[in-house]
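What follows is a set of notes on a single structure, which appears directly below.
The values are calculated or read from the model by the stated rules, or taken from the named source; none is laboratory data. In this text, all values refer to a predicted model and were calculated from it rather than measured experimentally. Neighbour counts run over all protein chains shown; Cβ positions are idealised from the backbone, glycine included. These accessible areas exclude ligands, DNA and RNA; they are computed on the full protein's heavy atoms, side chains included. Shrake-Rupley method; radii C 1.70, N 1.55, O 1.52, S 1.80 Å.
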Amino acid sequence: TNRLSRRARIRKMSLSFDGVDDQVSMGDVTIVDGATQLTASFWLNLTSNVNGRIITKWGDLTADECFLISLEGSGDEIQFAAKNGVSPFGLQLKNTSAANLVVGTWYHVAVTFTAPTTVAIYVNGVSQALTTTLNGDVPSLQNTGTSLQIGYETDEAAVPIIGLISHMQLFTVSLDAN
């Protein structure tokens, strides 16, 4: 039997981002607008440790900002930010755990949000410690006409990701670790 390993299957079905001009635009995915719960699940393999946007519904105007999931720090920390319609960052939580994502390694990442302030980030099923910057509650994700982007953000400070993303899924429920 010529069966591909699980990693080979994930890589074969992944999207590759070069950090320059690669992106996937899903259009205005309205199912997340106004959501009080969200789970984003995906496989990630970095080819360089640089900051970049993984999944965003974040435009170039304050009114266009719903949520984003990005790489921050030295490109090895995962951040979730959501907009409450009042301040530039209504809720910002940043993974500052010892996860330290390593280039060339596949990671399963799940980010969950439950309004108004609960966020969990899991890497390979392990809950990560979070540093929180809170500038007000987010009773629900902001309604926007902004396109859902994978690997890129449509604002003036766009920071594309360098790596592979596979099996990205969004749910409007907050899934648990199981």
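Checking each residue in the range 150-178 for being open to solvent by 70 Å² or more (accessible area, probe 1.4 Å), polar (S, T, N, Q) and over 15 Å from Ile69 (Cα atoms) picks out only Asn178. Checking the range 135-149 against the condition returns a match, with at least one residue being under 26 Å from Asn100 (Cα atoms) and crowded, with 19+ Cβ neighbours inside 10 Å. For the range 1-53, the candidate set comprises residues that are in contact with a Ser or Thr (Cβ under 6 Å, 6 or more places away or on another chain), open to solvent by less than 40 Å² (accessible area, probe 1.4 Å) and among the β-branched types (Val, Ile, Thr); within that set, the residue that is modelled with the highest pLDDT is Thr39.
Anything in the range 159-178 that is part of a loop (DSSP other than H, G, I, E, B) and under 12 Å from the mean Cα position of the chain (by Cα)? List them, or say none.
Quick first cut of the range 159-178, residues part of a loop (DSSP other than H, G, I, E, B) only: 159, 161, 172-178.
Passing the criteria: only Ile161.
Which of the following residues is under 19 Å from Asp28 (Cβ atoms) and at pLDDT 85 or above: Gln149, Gln128, Gln142? Outline the logic, then answer.
On the way: Gln128 fails: under 19 Å from Asp28 (Cβ atoms); Gln142 fails: at pLDDT 85 or above.
Going through Gln149, Gln128, Gln142 in turn, just one is under 19 Å from Asp28 (Cβ atoms) and at pLDDT 85 or above: Gln149.
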